[in-house]
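Everything below concerns the one structure shown next.
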């Protein structure tokens, strides 16, 4: 092969490489433009917490106050008017579709924490593979509540840009917390710091308009502000606040 032929082959190789590089650059430019156009319609969900309050409603029972506007006999818990809720807001510019909110927690951990403070109270909480039951304690204050685990998953059809949905803590979880705080409030010797059990987790999944699936997983911790002592079987007129705190959100 002559020198001129080798030179021509080398020139042709460099020409082919330059053409390939230009083609790749053009492809990347087109893909970036498509992504920018698509991202202009993407939803973006963020989760935030709120204050919460447990209120004495009976001689030995507490109840979580769930209200988007606190009742007149319960002072507002700071600037946020929604109490005991998780707020999920779409801060993106597109609609989120086929939303699913799934709560997970370990009920055994909470019952163990209750048992360390009040063994008798913990005995009335029964857990099996499909449900959690709170049995009747005495004839004076009958109580028998039963929760199925399927209540821990909530679905919604859509959430538009700028909209917010309020998610109440699952009833069975709120009931377990009420039992724990009731035991805690009546035990001055107990540490009133954050509960010893793991935070409840919330998994959020949704689709964008292109039907792509997105997911978000957060932990909801209980930050106690105040735990008031109160006497069993005594409820003041108008009720009594027993526990104040904040639901704090962190990425799981």
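No value in this document is a laboratory result; all are computed from the given coordinates. Here the structure is a predicted model, which means the values were calculated and not measured. We place every Cβ from the backbone using ideal geometry, glycine too, and count neighbours over all the protein chains shown.
Residue separation of residue 23 and residue 194 scaled by 0.36 nm, minus their Cα-Cα distance, works out to 55.7 nm of gained length. Shown for 26, 50, 158: other C-beta atoms within 10 Å of each C-beta, ranked fewest to most, produce the order 26, 158, 50.
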